[in-house]
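Down below is the structure, laid out as structure tokens.
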Amino acid sequence: MASLFSKIIVGDIPSYKIKEDDRFLSFLDIRPISQGHTLVIPKLEVDHFYDLSDEILGDLFVFAKPIVKAIEAVVECQRVGSIIAGLEVPHAHLHLVPIISMETFAFSHAKQAAEDELQEVQQKILTVL
């Protein structure tokens, strides 16, 4: 059965895409820990992050690097943190989370984002990319 992320990849579920190539996709998390929270996924459906090949693992972080820089350019934050949790969706994914403060850098602070807020931050990030 296709994961939620695989359905996003093929367009069955809409998303706020940030960057895409033939192997990876990034899009805004609709339940962000902080504004600009972005997910980076391989298009290959693999459940556990560290079951990805070494090549895909390395290339995923290279793919994510300019996204991090773009988020830092448009979201007022200390830095962008990376989280590999892997429990929410059975598809390997990397969370890029703007750290506003260490007190709020946790999934327990995630809340549903408004569509207009997602569109606004998506456009800001895309402008920098």
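We did not get these values from a lab; they are worked out from the coordinates using the rules stated. Note that the structure is a prediction, hence the values are computed from the model and not measured. Here the Cβ is made from the backbone with ideal geometry for all residues, glycine too, and neighbour counts use every protein chain on show.
Quick look at the numbers
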{"read-out": "Helix-only mean residue ellipticity at 222 nm for the chain, each DSSP H run of n ≥ 4 adding -39500 (n - 2.57), per residue, nearest 500", "value": "-10000 deg cm²/dmol"}
{"read-out": "Dimensionless Rg ratio for the stretch 53-96, taking C-alpha atoms and the 2.2 N^0.38 Å reference", "value": "1.28"}
{"read-out": "Simple spin-label estimate for ALA106 and GLU76 in nanometres, 7 Å along Cα-Cβ", "value": "2.5"}
{"read-out": "Spatially near lysine pairs across the chain, Cα under 18 Å, sequence gap of 8 or more or different chains", "value": "14"}
{"read-out": "Dipole-positive endmost among LEU44, VAL62, PRO14 within the stretch 1-106 (Cβ charges, Cα centre)", "value": "PRO14"}
{"read-out": "The stretch 12-81: projected area of the alpha-carbon convex hull, averaged over directions, in nm²", "value": "5.3"}
{"read-out": "DSSP beta bridges in the chain [antiparallel fraction, %, rounded to 5]", "value": "100"}
{"read-out": "Sparse-neighbourhood loop sites, GluC sites (Glu not before Pro) in the stretch 1-85 - DSSP loop, at most 12 other Cβ within 10 angstrom", "value": "GLU76"}
{"read-out": "Along the chain, longest interval not containing exposed trypsin sites (Lys or Arg not before Pro), exposed being DSSP loop plus at most 14 other Cβ atoms within 10 Å", "value": "24-110"}
{"read-out": "All-pairs alpha carbon distance profile, the chain, 10 Å steps from 0, percent", "value": "13, 47, 35, 5"}
{"read-out": "Residue-span extension gain [ARG31 to ASP116] - 0.36 nm each, minus C-alpha spacing", "value": "29.2 nm"}
{"read-out": "ALA2 versus THR127: modelled label distance in nm, points set 7 Å from Cα along the beta carbon direction", "value": "3.4"}
{"read-out": "For the chain: relative contact order, % (alpha-carbon pairs under 8 angstrom, 6 or more apart)", "value": "31"}
